[in-house]
Amino acid sequence: MFTLFRENLRIAFDSIKSQLLRTILTVLIISIGIFALVGILTFIKAFENTLNSDFASIGSNTLTIQRYEFTNQRRGDRKIINPVIGYRDVKEFVDAYNYPTAQTAISFTGTARAEVKYDNEKTDPEVRVVGVNENFLQNSGLKLDKGRNFTPFDISNNTRVCVLGSDFYKNLFKDDNPIGKTISIRGTKFNVIAILEEKGSTFGNNQDLRVLIPIQVARTMFTQPNINYNVSVMVDDPEFLDNAEEEAILTFRNIRKLSPIEENNFGIGRSDDLVNQIATITGALGAAAWVISLITIFGSCIALVNIMLVSVTERTREIGVRKALGAKKSTIASQFLFEAILIGQFGGLFGIFLGISIGYIIAISFDLVFTVPWNAIIAATSITFIIAILSGLFPAIKAAKLDPIESLRYE
């Protein structure tokens with residue numbers, strides 16, 4: 001049995017080498033479909049990994065009040081224009097919102113182009129400065145690598161202290177312990193009280209190149225009009241989040257003085273809703289990848305059937321000789337089936353290699369967390385095997401049914 005298997009394999013390789021150009025073209029057609037499938041699924045997997053790692057620390061017990069809903073800024077054919085969430089709004093919300101076990105964080109981005117100085121060293125003007133209160137770190141899922149969090153005393157007394165992203169530790173301070181050091185932002189000096197754990201970049205946005213300062217101090221430094229503030233609420237138990245959300249909506253509607261018949265002129269977002277919406281988007285992209293690849297694979301299936309039928313026609317006399325020497329129908333059929341399977345697997349392997357390579361390059365370019373998409377690889381391998389079986393079955397049966405006498409007469 002093993003000897004027959006090895007002989008069929010050898011014959012299949014010899015046939016592939018004798019039809020090298022047609023085989024290469026068929027392999028390329030198959031690999032294009034597999035490449036589209038594996039490449040897109042690799043990118044989607046890297047996209048999901050990055051988002052999951054970003055949102056995992058936030059947990060499912062946090063909600064945010066924002067200017068717009070996450071989904072869109074249109075209602076029908078009309079563009080929604082909500083007022084900004086100003087400081088008076090967030091201050092009234094903090095004072096009025098008293099849901100049990102909930103803690104509220106407020107923040108705003110003062111600038112994304114600050115220059116930070118330390119002694120004779122300074123950064124490029126690309127540092128994000130964020131004004132926060134004492135609950136910001138916990139509500140955002142941020143953890144400290146060194147130092148301590150802001151205290152209510154720091155916030156209420158406008159203490160000039162700051163928390164730095166991890167990039168400052170490596171670059172500005174040259175791995176020297178920054179705790180207790182003094183930095184300067186726009187001429188204002190801050191004492192460093194902590195360094196954040198490394199978060200990495202997401203879509204080119206470096207989350208480790210930011211400075212957190214007390215919100216009242218930030219308000220004195222950044223006075224541009226129409227600053228939009230962010231509000232987040234975290235509860236101890238995710239089971240209480242629905243009730244906390246209802247209370248937050250009611251409180252903010254009262255602050256905005258909305259009547260019962262008026263719609264919200266602000267948005268509510270939940271960390272788990274965002275993850276679910278992203279999962280829906282990536283699922284749609286995955287389905288599109290399957291459709292595109294299956295259309296291409298269908299074309300490669302037709303190409304493989306054609307090349308195998310041509311092979312049967314060209315080797316009609318050879319088939320007659322083998323049958324005359326005693327070869328069984330099953331032996332002849334298996335020889336052609338082996339050839340189709342080999343061509344299919346060559347195309348699948350080449351497509352998998354191209355797909356993973358392109359997916360890796362795209363993931364690195366967008367600062368995504370790359371992992372080997374084993375599900376896509378297994379799916380691609382299975383698909384190419386099924387294609388090879390289906391494509392090679394008809395030519396193999398046709399070759400097995402050839403009459404040996406007529407085949408020997410074939411010129």
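Every number in this text was worked out from the coordinates using simple rules, so none of it is lab data. These numbers come from a predicted model, not from an experiment. Ideal geometry is used to build each Cβ from the backbone, glycine not excepted, and the neighbour counts take in all protein chains shown.
From the phi angles alone, apply the Karplus equation (6.51, -1.76, 1.60; θ = phi - 60°) to the range 374-386 and give each ³J(HN,Hα) in whole Hz, x where the residue is Gly or Pro.
4, 4, 5, 5, 5, 4, 5, 5, 5, 4, 5, 5, 5
Check which residues have an amide H placed less than 5 Å from Val161's amide H, if you skip close sequence neighbours.
Result for Val161 returns Asn191.
Once the piece of chain linking Asp176 and Leu258 is laid out straight, how much longer is it, given 0.36 nm per residue of separation minus the C-alpha distance between them?
The Asp176-Leu258 span can extend by a further 24.2 nm.
Could you tell me how many degrees, from 0 to 90 and to the nearest 10, lie between the Cα long axis of helix 241-255 and the main elongation axis, the longest principal axis, of the Cα atoms of the chain?
It works out to around 50 degrees.
Using unit Cβ charges (K, R positive; D, E negative) and no other charged atoms, how large, in debye to the nearest 20, is the dipole of the chain about its Cα centre?
Computed about the Cα centre, the dipole is about 1340 debye.
Jot down the radius of gyration and Dmax of the chain, Cα atoms only, both in angstrom.
Spelled out, the Cα radius of gyration and Dmax of the chain are 32.2, 103 Å.
Under the rule of -39500 (n - 2.57) per DSSP H run of 4 or more residues, summed and divided by the residues of the chain, what mean residue ellipticity at 222 nm is obtained, to the nearest 500 deg cm²/dmol?
Computed mean residue ellipticity for the chain: -18000 deg cm²/dmol.
Calculate the dipole size of the range 62-269 relative to its Cα centre from +1 charges on Lys and Arg beta carbons and -1 charges on Asp and Glu beta carbons; express the result in debye to the nearest 20.
With Lys and Arg at +1 and Asp and Glu at -1, about 940 debye.
Place +1 on the Cβ of every Lys and Arg and -1 on the Cβ of every Asp and Glu in the chain, take the dipole about the Cα centre, and give the residue among Gly283, Val192, Ala36 whose Cα lies farthest towards its positive end.
Among Gly283, Val192, Ala36, the one farthest towards the positive end of the dipole of the chain is Ala36.
Taking R0 as 41 Å, what's the FRET efficiency between Thr371 and Lys117 from their Cβ-Cβ distance, rounded to 0.05?
0.55
If you stretched the chain out fully between Ile278 and Asn157, how much longer would it get, using 0.36 nm times the residue separation minus the C-alpha to C-alpha distance?
Extra length available between Ile278 and Asn157 comes to 39.5 nm.
Amide H to amide H under 5 Å from Thr62: which residues, 5+ apart in sequence or cross-chain, H placed 1.01 Å off N in plane?
Ser271, Asp272
Could you list log10 I(q)/I(0) for the range 328-392 at q = 0.25 Å⁻¹, which the Debye formula gives when each Cα is one point scatterer?
Debye output, listed in q order: -0.98.
Which of Lys146/Lys181; Lys122/Lys143; Lys91/Lys143; Lys146/Lys174; Lys143/Lys189; Lys122/Lys170 have a Cα-Cα distance over 22 Å?
Lys122/Lys143; Lys91/Lys143; Lys143/Lys189
If the reach is capped at under 25 angstrom between alpha carbons, list the lysines near Lys323, excluding any in the same chain fewer than eight residues apart.
Candidates past the 8-residue exclusion: Lys17, Lys398, Lys401.
At a Cα cut-off below 13 Å, give the aspartates and glutamates reachable from Lys329, other chains included and same-chain residues fewer than 8 away excluded.
Asp403
Within straight cross-link reach of Lys45, meaning Cα distance under 17 Å, which aspartates and glutamates are found once same-chain residues fewer than 8 apart are removed?
Cα-Cα hits under 17 Å: Asp54, Asp367.
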